[in-house]
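Taking it in order: structure first as structure tokens, then the write-up.
The values are calculated or read from the model by the stated rules, or taken from the named source; none is laboratory data. In this text, all values refer to a predicted model and were calculated from it rather than measured experimentally. Quick reminder, even Gly has a Cβ in these numbers, built from the backbone with ideal geometry, and neighbours come from all protein chains shown. Keep in mind that these areas ignore ligands, DNA and RNA; they rest on the heavy atoms of the full protein, side chains included. Shrake-Rupley method; radii C 1.70, N 1.55, O 1.52, S 1.80 Å.
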Amino acid sequence: AHFACVLALAWPDNHIETFSGKVHGTLVWPPRGNLGFGYDPMFVPDGHTVTFGELEPQAKQAISHRAKAFEKLVAGCLA
């Protein structure tokens, strides 16, 4: 299983760029943890033993699919 995020940036000259981020992991049942939202309590990212719902927000944000997509967006803007 994986979580994915795609960000799009549209420039005034109609140029559009997209940036994607993914985090792979495993779904578990029953859900664990009350942090996060959606599928967070059911998703254990690869390399971890706890769900996104159990991770502190700062730790989750450091490895999340959204963080990876935003890192690519920022790098694309600085290039």
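Just the residues that are farther than 30 Å from C77 by Cα, aromatic (F, W, Y) and more than 14 Å from the chain's Cα centre (by Cα), please, taken from the range 1-46.
W29
Looking at T51, T26, which is the one that is among the polar types (S, T, N, Q) and touching a residue at least 24 places away in the same chain (Cβ under 8 Å)?
T26
What residue, among those in the range 20-67 that are in contact with a Ser or Thr (Cβ under 7 Å, 6 or more places away or on another chain) and of a type in the set (D, E, K, R), is nearest to C5 (Cα to Cα)?
Residue satisfying both the conditions and the ranking: D40.
Scan the range 2-16 residue by residue and report those that are touching a helix residue (DSSP H, G or I) at 6+ places or on another chain (Cβ under 8 Å), open to solvent by 80 Å² or more (accessible area, probe 1.4 Å) and among the hydrophobic types (A, V, I, L, M, F, W, C).
Once the filter is applied, which keeps residues that are touching a helix residue (DSSP H, G or I) at 6+ places or on another chain (Cβ under 8 Å), open to solvent by 80 Å² or more (accessible area, probe 1.4 Å) and among the hydrophobic types (A, V, I, L, M, F, W, C), the range 2-16 yields only V6.
For the range 24-68, how many residues are aromatic (F, W, Y) and open to solvent by 80 Å² or more (accessible area, probe 1.4 Å)?
3
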